[in-house]
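Nothing in this text is a laboratory measurement; each read-out follows from the coordinates by a stated rule. Keep in mind the model is a prediction, meaning the values are calculated, not measured. Note that we place each Cβ from the backbone using ideal geometry, even for glycine, and neighbour counts take in every protein chain shown.
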Amino acid sequence: MTDVLTPEQRKYNMSRIRGKNTSPEIKLRKLLFANGIRGYRVHYNLLGKPDIVFTKKKIVIFVDGCYWHRCPICFREPETRKEFWIKKIESNVERDKKINKQLHNEGWLVIRFWEHEVKKESEKVIKQIMKKLL
Ligand SMILES: [Zn+2]
């Protein structure tokens, strides 16, 4: 059988197999910890399964995979089974919007970061979170 997955797709499949604790999420948790930020929950049962939830402050944080959520900077169209993957990615993006709206309506402040921001611009990410927590 030929291998038809791009590296991103393979990584996604692997992360689904491993379940939670994918790497940008862990990186973000380490960042929070290193900056003395506590009092958040992970795997908190809330719409959209946010990566980090500050229950008292009513703040949720998502880390969106650049490929699966169509990051404007990193996203490249898939080379194989294009229609299939694009459709999937577009439905992710639509779902993100609905989740944002719904959580907002329920009084949550929703913060989303791109995977590449958590990986490469961690200082900016932490600053943004700290500002919201004050
Ligand atoms: Zn990106």
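Details
- FRET E, pair Lys101, Arg81, Förster distance 30 Å, beta-carbon r, rounded to 0.05: 0.50
- Near the amide H of Arg112, within less than 5 Å, lie the amide hydrogens of Phe62, all on another chain or at least 5 residues away, with H placed in the peptide plane.
- q = 0.10, 0.15 Å⁻¹, region 20-133: log10 I(q)/I(0) [Debye, one scatterer per Cα]: -0.31, -0.68
- Value of [θ]222 nm, deg cm²/dmol, for the chain, DSSP H segments ≥ 4, -39500 (n - 2.57) each, nearest 500: -15500 deg cm²/dmol
- Dipole magnitude (debye, nearest 20) for the chain, charges at Cβ of Lys, Arg, Asp, Glu: 560
- Farthest toward positive dipole pole in region 20-133 [+1 Lys/Arg, -1 Asp/Glu at C-beta], among Trp85, Val63, Asn35: Asn35
- Sequence of Glu25, Glu106 once ranked by neighbouring C-beta atoms within 10 Å, starting from the fewest: Glu106, Glu25
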